[in-house]
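Written out below as C-alpha cells is the structure these notes cover.
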Amino acid sequence: MRLSATTLGEVPASVARPTYDRAAVKPGVVHLGIGAFHRAHQAAVFEAALASGDLRWGVVGVSLRSASVREQITPQDGLYTLLVRDGERQVQQIMGAVQRVLVAPEDPEAVIAALASPDTHLVTLTITEKGYCLDRKTGRIMAEDADVAADLAEPERPRTAAGFLVAALARRREAGLAPLSILSCDNLPHNGALLKGAVLAMAEVRDPTLAAWIAKTCTFPATMVDRIVPATTDEDIADLSALIGLEDRAMVKAEPFLQWVIEDSFAGKRPDFAAFGVQLTDAVAPWEEAKLRLLNGAHSAIAYLGGLAGDRFVHEFVGTAQGLLFVERLWDEVVPTLNPPAGLDVLAYRKELMARFANSALQHRTRQIAMDGSQKLPQRLLAPLSAVRDKGGSFAAIALAIAAWVRWQAGTTDTGERLAIDDPAAQSLADALRDAATPHARAAAALAVLGPVPDEAALDAVAAHLGHLETFGVRAVLTAFLGENA
C-alpha cells in the first residue's frame, strides 16, 4: 500500500506526522521547482509553521518541466516522509505542508492562477542555476533563449520561472491584490537581485508600468540555504517501506543540519521565520559567500576529483587521508577571501562541514554534485580564485579543483569508465575542446565557455594540473600535490 491520507493511520506511532487539520490549511506559498531539496528544506520550515498553529502556509508545488514529482506525491495526497540520517541514527517524519503539485507545461494557467491567488503571499524557487536563463557573463536574462523568447512573444503561456512570475504579477496588479515576496533559494550570488533583474527585464517588454509596479511593491529577498539532500534511490524507498509498512514514492532524505538565511525584506505577510530557526538579516552576502566557497566549492572539488578517482560518494573521498587533507588545503586558500558575518566562527564551521561530508548514512553521490558544473563553477571556484589572485595568496588547490572539472569533460574516469556530462553547456564545451591539442589549450578553451579566462599565472597552474591528471590520474596527483605542499 502507498502512503496516503487514508493509510496514514497504519504508520507506526513512533513516526511523527501532521497533527494540524490539513483541510483547514491555506496555500500561502507557491514553490517553483519542487524537487527533493525543497521538500527537505523550505517545506520543513513551512511544516513547522503549520504545526505551530499558523495554517496560512501550505505549499502549492510547481514542476516547471517534468511530471515526476506530481506522479510521486499526488497519489499520496501530498504526504511524504522526510528521513533524517546521521550515522546509524535516523528519524522519520511524515510531512503534510505540500497541498498539491502542478505541472507547468500541462496547465500554465493553473500555475498563474496559484501565483495570483489572494491566499498566496510568498513565492520560493529552487530551479537550479540554469533555470534563471541568465547570461553567465553579464548576469542579464538571455533574450535569445528559446523559452525566454517564447515568453516575451506569448506572455500568457509562459515557460520560464520569470515568465510565470510576470504573468501572475500582472494579474495581481489588475485585481488590486497585494504584491508578493519572491525568494530565490538557489546557489547564486546575489540571487534576489538577479531574479529581480530577470523579472523586471521581462516585465519591461510586456508593460513598462507593470515593471515599475513590481519594482516599487514586490520584494526579492536574497537568501542562503543549506542542507545536504542526496537523491533518493529505489533502495531508500524499499528500506523506508520496511520501517513504516507503506510505500512512499515521494520520500526525501537529508542530514540533520538545516540553515536558511533570508534578507529581512518582505512585501507583506510571512511566517514567524525566526521562531522556526530561520535567520533574518540585513546582509545575506557574507553568509552566502562563506557557504558557496567553503561548502559548495569543496563539494565541487570532491565531485570531480573523487568522481574521476572512482569515489561514488562524498564520504568516501573525505574518508581518506588524501581527500581530507586536500579539502583542508582548499579551505586554507579560500578563507582569506571571506568577510565572515558576525556569528560565523569559520574554524567551527569548517569542522562542522567536514563532519557533514563524512556522514556515510547520506550516500551523497559525487555524480549528483557534478551535474551542471558550468553553472556552478563560476561562483564556487572561479570567484575565489580571482579573489585569491587579488590578494596575492596561494591558489594551488583551487587550480587543481578547476583542472579536475576540465578533465571531467573528457567523459571518462581514471579507470576508463564512461561518464555522462550532464550540463547545459555540454555541447559548447565539447565543441570548444574538440581541437584543443594541449592541456593549456584545453584549460583555456573550457574556461572560456564560462566567462573571462583567468590570468596567465592562474591558467598556467590549471593547465599544469590538468596535464598531470590526464597522465597520472587523481590518486597520484594528490599524493604529489600534498607531499609538495605539506
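Give the residue that is farthest from Ala193 (Cα to Cα), with candidates limited to residues of segment 232-243 that are hydrophobic (A, V, I, L, M, F, W, C) and surrounded by 15 or more Cβ atoms within 10 Å (Cβ to Cβ).
For segment 232-243, the residue satisfying everything is Leu243.
In segment 9-43, which residues are of a type outside the set (Val, Ile, Thr), in contact with a helix residue (DSSP H, G or I) (Cβ under 9 Å, 6 or more places away or on another chain) and outside any strand (DSSP E or B)?
Passing the criteria: Glu10, Pro12, Arg17, Pro18, Tyr20, Arg22, Pro27, Gly28, Gly33, Gly35, Ala36, Arg39.
For segment 351-362, which residues satisfy the criterion of being of a type outside the set (A, V, I, L, M, F, W, C), surrounded by fewer than 18 Cβ atoms within 10 Å (Cβ to Cβ) and in contact (Cβ under 8 Å) with a residue 24 or more places away in the chain?
Step one: filter segment 351-362 for residues of a type outside the set (A, V, I, L, M, F, W, C), giving 351-352, 356, 359-360.
Within this subset, residues satisfying the condition of being surrounded by fewer than 18 Cβ atoms within 10 Å (Cβ to Cβ) are 351-352, 360.
Within segment 351-362, Glu352, Ser360 meet the criteria.
Looking at segment 216-229, is at least one residue assigned to a helix (DSSP H, G or I), buried (at least 20 other Cβ atoms within 10 Å of the Cβ) and either out of contact with any helix residue (DSSP H, G or I) (no Cβ under 8 Å at 6 or more places or on another chain) or in the same structural domain as Leu125 (by TED's automatic domain parsing) (or both)?
So the first thing to find is which residues in segment 216-229 are assigned to a helix (DSSP H, G or I), and the list is 216-217.
Cutting the leftovers down to buried (at least 20 other Cβ atoms within 10 Å of the Cβ) gives us none.
Taking every residue of segment 216-229 in turn, none turns out to be assigned to a helix (DSSP H, G or I), buried (at least 20 other Cβ atoms within 10 Å of the Cβ) and either out of contact with any helix residue (DSSP H, G or I) (no Cβ under 8 Å at 6 or more places or on another chain) or in the same structural domain as Leu125 (by TED's automatic domain parsing) (or both).
Of all residues in segment 427-442, which are surrounded by fewer than 11 Cβ atoms within 10 Å (Cβ to Cβ) and touching a Lys or Arg at 6+ places or on another chain (Cβ under 6 Å)?
Selection gives nothing.
Please go through segment 412-422 and pick out each residue that is within 17 Å of Arg365 (Cα to Cα) and in a loop (DSSP other than H, G, I, E, B).
Thr413, Glu417, Leu419, Ala420, Ile421, Asp422
How many residues, within segment 190-215, are within 27 Å of Arg380 (Cβ to Cβ) and in a loop (DSSP other than H, G, I, E, B)?
1
To keep it simple, each residue is scored yes or no on (1) farther than 30 Å from Ala355 by Cβ; (2) modelled with pLDDT of 95 or more; (3) surrounded by fewer than 17 Cβ atoms within 10 Å (Cβ to Cβ).
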{"position": "Leu83", "(1), (2), (3)": "no, yes, no"}
{"position": "Gly87", "(1), (2), (3)": "no, no, yes"}
{"position": "Arg100", "(1), (2), (3)": "yes, yes, no"}
{"position": "Pro105", "(1), (2), (3)": "yes, yes, yes"}
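Suppose we filter segment 200-215 for residues that are more than 18 Å from Glu154 (Cα to Cα) and either free of Cβ contacts under 8 Å to residues at least 40 places away in the same chain or among the acidic types (Asp, Glu) (or both); how many remain? Break it down into steps so the answer makes sense when it comes.
Our first condition is that a residue be more than 18 Å from Glu154 (Cα to Cα); within segment 200-215, this holds for 209, 212-215.
Applying the additional criterion that residues be either free of Cβ contacts under 8 Å to residues at least 40 places away in the same chain or among the acidic types (Asp, Glu) (or both) yields 209, 212, 215.
Residues flagged as more than 18 Å from Glu154 (Cα to Cα) and either free of Cβ contacts under 8 Å to residues at least 40 places away in the same chain or among the acidic types (Asp, Glu) (or both) within segment 200-215 amount to 3.
Restricting segment 45-69 to residues that are assigned to a helix (DSSP H, G or I) and of a type in the set (A, V, I, L, M, F, W, C), which is surrounded by the most Cβ atoms within 10 Å (Cβ to Cβ)? Break it down stepwise before answering.
Our first condition is that a residue be assigned to a helix (DSSP H, G or I); within segment 45-69, this holds for 45-51, 68-69.
Filter once more, so that each one left must be of a type in the set (A, V, I, L, M, F, W, C): 45-46, 48-51, 69.
Working: Val45: 19, Phe46: 27, Ala48: 19, Ala49: 23, Leu50: 25, Ala51: 16, Val69: 23.
Going through the qualifying residues, I end up with Phe46.
Which of the numbered conditions does Leu330 fail, given that it passes all the others? Conditions: (1) assigned by TED's automatic domain parsing to the domain that holds Thr233; (2) surrounded by 22 or more Cβ atoms within 10 Å (Cβ to Cβ).
(1)
Please determine, by comparing only the residues of segment 122-149 that are within 14 Å of Asn191 (Cα to Cα) and touching a Lys or Arg at 6+ places or on another chain (Cβ under 7 Å), which one is modelled with the highest pLDDT.
Looking at the filtered set, the residue picked out is Glu129.
Regarding segment 108-121, can at least one residue be identified that is at pLDDT 95 or above, β-branched (Val, Ile, Thr) and either surrounded by fewer than 21 Cβ atoms within 10 Å (Cβ to Cβ) or within 26 Å of Ile244 (Cβ to Cβ) (or both)? Before the answer, list the steps.
Start the filter on segment 108-121 by keeping residues that are at pLDDT 95 or above, which leaves 108-121.
Narrowing further to those that are β-branched (Val, Ile, Thr): 111-112, 120.
Those still in the list that are either surrounded by fewer than 21 Cβ atoms within 10 Å (Cβ to Cβ) or within 26 Å of Ile244 (Cβ to Cβ) (or both) too: none.
No.
Conditions tested, residue by residue: (1) outside the structural domain of Asp186 (by TED's automatic domain parsing); (2) closer than 26 Å to Thr471 by Cβ; (3) surrounded by fewer than 24 Cβ atoms within 10 Å (Cβ to Cβ).
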{"position": "Arg365", "(1), (2), (3)": "yes, no, yes"}
{"position": "Asp372", "(1), (2), (3)": "yes, no, yes"}
{"position": "Lys376", "(1), (2), (3)": "yes, no, no"}
{"position": "Ser386", "(1), (2), (3)": "yes, no, yes"}
{"position": "Ala399", "(1), (2), (3)": "yes, yes, no"}
{"position": "Val406", "(1), (2), (3)": "yes, yes, no"}
{"position": "Thr415", "(1), (2), (3)": "yes, yes, yes"}
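Might you check whether a residue that is among the acidic types (Asp, Glu) and buried (at least 18 other Cβ atoms within 10 Å of the Cβ) occurs anywhere in segment 264-280?
Taking segment 264-280 and keeping what is among the acidic types (Asp, Glu), we get 264, 272.
Add one more test, that the residue is buried (at least 18 other Cβ atoms within 10 Å of the Cβ), and what stays is none.
So far as segment 264-280 goes, no, none of its residues is among the acidic types (Asp, Glu) and buried (at least 18 other Cβ atoms within 10 Å of the Cβ).
Name the residues in segment 118-140 that are over 19 Å from the mean Cα position of the chain (by Cα) and over 23 Å from Phe266 (Cα atoms), would you?
Lys137, Thr138, Arg140, listed by residue number.
The values are calculated or read from the model by the stated rules, or taken from the named source; none is laboratory data. Just so we're clear, the structure is a prediction, and the values are computed from it rather than from any experiment. With ideal geometry, Cβ positions are generated from the backbone for all residues, glycine too; neighbour counts draw on all protein chains shown.
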